[in-house]
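For reference, the structure discussed in these notes is given below.
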Amino acid sequence: MGKRVSLAWLFGINLFISAFTFGGGYVVVPMIRKYYVEKKGLFDERELMDLAACAQSSPGAVAVNLAAVTGYRVAGRKGMLIGCVGAVIPPLVILTVISFFYAAFSENQIVRAVLRGMEAGVCALVVDVVIDMGRAVFQEKNRLLDILLPAAFVLVFFLQVNVVLVIAGSAAASFAAGWLARRKRNGTAV
Amino acid sequence: MELLFSLLGNFLQVGLFSFGGGYATIPLIQEYIVEGQGWLTYQELTDILTISQMTPGPIAVNTSTFVGTRIAGFPGAVFATVGCVLPGVLMSVALYYFFRKYNGIQGVSDVLAGLRATSVGLIAAAAGSILLIALTGSSELGQGSGIGAATAGVFAGMLFMLRKWKWSPMLVMAVSGGLGALLFGVLGL
């Protein structure tokens, strides 16, 4: 399992990440990279992509799935539970509180201004991580992967194709391509 | 008690069928929570989406907390939230376990490699959507009110700091929030 971390660290870091991920599940990926990969060296960037792929291929909130699967990766079943609980507590508490003060909160000009600025910052974070991960995928020099990455982007962003179809399609395509390549190799060997 | 299990059951279904995260949850919340159970009005659903924009945390968890609290207090929030996160959490860990265990089998590692590339494409698509909303105020291409120069400036500045100086995500959030207060709040852009 590689390096181990304490459950207290895992709980704390998940609370912290969850409390500051404005703008949806994908912002968790750069946060995980910063603390699990760069600071603690618990796994490398390639494995982060594997974990993100599992979290995204499953239903529900990607942020919580990722907290669970990274927790499982670094500390087994206990880690999965602690990662989840840590990730769920901040929104649970914040939303309970905010629902009482919703009107005042949403009409405050400064609150709105800060959130608009953060929206732009969040975009920069996600684009930054896409550049690094995209580069890592293209470095594998696999023609199928070079097609799958931009295809997923175009299908979902421009054509609004259902994400389940894109994930299922890419799984089927990569399995078929690998199978065909192996058959061809075996064929020429005989 | 019956109510708590009803919350759990309905949110389990929301959690089980909402592939794609984030906005993919909305149609399921409509089907099960708004139309099916009448636990939420459309106006309240819109309010929750606005709150979700402004606070951390996934839309699914925010909705389950809000609905659960209203229907059955704090225990309701816990049951509803457990319901909506459980299917995804179990499935992602099961997938990871499966891929790691059978990674020696060529077919399995082919699929994982493909999913890895697709996952980056999906993150890129999400980046495109949130960038579009931040810059034009609309999630549809060509529907917004032009590109906000101040927002574009904050985005470009933060991206530069990330690439060139390796700023931490927290620093980016703090600085972009501060710039937002200055540009949109004080200067009124």
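The table that follows gives values for the structure above.
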{"item": "Matching option when the condition is assigned to a helix (DSSP H, G or I), touching a residue at least 60 places away in the same chain (Cβ under 8 Å) and at the interface with chain A (Cβ under 8 Å from one of its Cβ atoms), among B:Ala126, B:Ala134, B:Ala181", "result": "B:Ala126"}
{"item": "Helices (runs of 4 or more DSSP H) (entirely within the range A:1-94) containing at least 1 residues that are open to solvent by 20 Å² or more (accessible area, probe 1.4 Å) and at pLDDT 95 or above", "result": "A:7-20"}
{"item": "For A:Val130: the one exception among (1) open to solvent by less than 20 Å² (accessible area, probe 1.4 Å); (2) among the β-branched types (Val, Ile, Thr); (3) assigned by TED's automatic domain parsing to the domain that holds A:Pro59", "result": "(1)"}
{"item": "Test for B:Thr69: is it among the β-branched types (Val, Ile, Thr), more than 8 Å from every other protein chain (Cβ to nearest Cβ) and either part of a helix (DSSP H, G or I) or at negative phi (or both)", "result": "no"}
{"item": "Selected residue (criterion: nearest to A:Ala53 (Cα to Cα)) from residues of the range A:118-144 that are without any contact (Cβ under 8 Å) to a residue 40 or more places away in the chain and touching a Ser or Thr at 6+ places or on another chain (Cβ under 8 Å)", "result": "A:Leu144"}
{"item": "Every pair of residues 6+ apart whose Cβ atoms lie under 8 Å, when the first sits in the range B:63-81 and is farther than 15 Å from A:Ala87 by Cα while the second is among the acidic types (Asp, Glu) and part of a helix (DSSP H, G or I)", "result": "B:Phe66/B:Glu44"}
{"item": "Members of the range A:142-190 that are among the polar types (S, T, N, Q), part of a helix (DSSP H, G or I) and more than 7 Å from chain B (Cβ to nearest Cβ)", "result": "A:Asn186, A:Thr188"}
{"item": "Cβ-Cβ under 9 Å pairs, at least 6 apart or on other chains, the range B:83-97 side farther than 19 Å from B:Pro58 by Cα, far side outside any helix (DSSP H, G or I) and open to solvent by 10 Å² or more (accessible area, probe 1.4 Å)", "result": "B:Leu95/A:Ser57"}
{"item": "Cβ pairs under 9 Å, 6+ apart, first in the range B:21-39 and modelled with pLDDT of 80 or more, second among the basic types (Lys, Arg)", "result": "B:Trp39/B:Arg70"}
{"item": "Pair list, Cβ under 7 Å, 6 or more apart: the range A:66-94 residue more than 7 Å from chain B (Cβ to nearest Cβ), other residue polar (S, T, N, Q) and open to solvent by less than 20 Å² (accessible area, probe 1.4 Å)", "result": "A:Ala67/A:Asn14; A:Gly83/A:Asn14; A:Gly83/A:Thr70; A:Gly86/A:Asn14; A:Gly86/A:Ser18; A:Ala87/A:Asn14; A:Ala87/A:Ser18"}
{"item": "Condition check for A:Ser58: at the interface with another protein chain (Cβ under 10 Å from one of its Cβ atoms) and touching a residue at least 40 places away in the same chain (Cβ under 8 Å)", "result": "no"}
{"item": "Output for the range A:91-142, where each listed residue is among the β-branched types (Val, Ile, Thr) and within 19 Å of A:Ser18 (Cα to Cα)", "result": "A:Val93, A:Ile94, A:Thr96, A:Val97, A:Ile98, A:Val114, A:Val122, A:Val126, A:Val129"}
{"item": "Matching residues in the range A:95-114 - criterion: being modelled with pLDDT of 80 or more, within 9 Å of another protein chain (Cβ to nearest Cβ) and more than 26 Å from A:Phe11 (Cα to Cα)", "result": "A:Gln109, A:Ile110, A:Val111, A:Arg112, A:Ala113, A:Val114"}
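Here is a yes/no grid of residues against (1) assigned to a helix (DSSP H, G or I); (2) over 23 Å from A:Val69 (Cβ atoms):
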{"position": "B:Arg100", "(1), (2)": "yes, no"}
{"position": "B:Gly104", "(1), (2)": "no, no"}
{"position": "B:Val111", "(1), (2)": "yes, no"}
{"position": "B:Met173", "(1), (2)": "yes, yes"}
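Residues checked against (1) β-branched (Val, Ile, Thr); (2) assigned to a helix (DSSP H, G or I); (3) touching a helix residue (DSSP H, G or I) at 6+ places or on another chain (Cβ under 6 Å); (4) more than 9 Å from chain A (Cβ to nearest Cβ):
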| residue | (1), (2), (3), (4) |
| --- | --- |
| B:Ile26 | yes, yes, no, yes |
| B:Gln30 | no, yes, no, yes |
| B:Trp39 | no, no, yes, yes |
| B:Phe74 | no, yes, no, no |
| B:Gly83 | no, yes, yes, yes |
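Residues are listed down the side, and each one gets a yes or a no for (1) open to solvent by 70 Å² or more (accessible area, probe 1.4 Å); (2) out of contact with any Ser or Thr (no Cβ under 9 Å at 6 or more places or on another chain); (3) modelled with pLDDT under 85; (4) charged (D, E, K, R):
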site: B:Ala113; (1), (2), (3), (4): no, no, no, no
site: B:Ala117; (1), (2), (3), (4): no, no, no, no
site: B:Gly128; (1), (2), (3), (4): no, yes, no, no
site: B:Gly142; (1), (2), (3), (4): yes, no, yes, no
site: B:Ala149; (1), (2), (3), (4): yes, yes, no, no
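The values are calculated or read from the model by the stated rules, or taken from the named source; none is laboratory data. Because the structure is a prediction, the values reported are computed rather than measured. No Cβ is skipped: glycine too gets one built from the backbone with ideal geometry, and neighbour counts run over all protein chains shown. Just the protein is used for accessible areas: all its heavy atoms, side chains included, with ligands, DNA and RNA removed. Shrake-Rupley method; radii C 1.70, N 1.55, O 1.52, S 1.80 Å.
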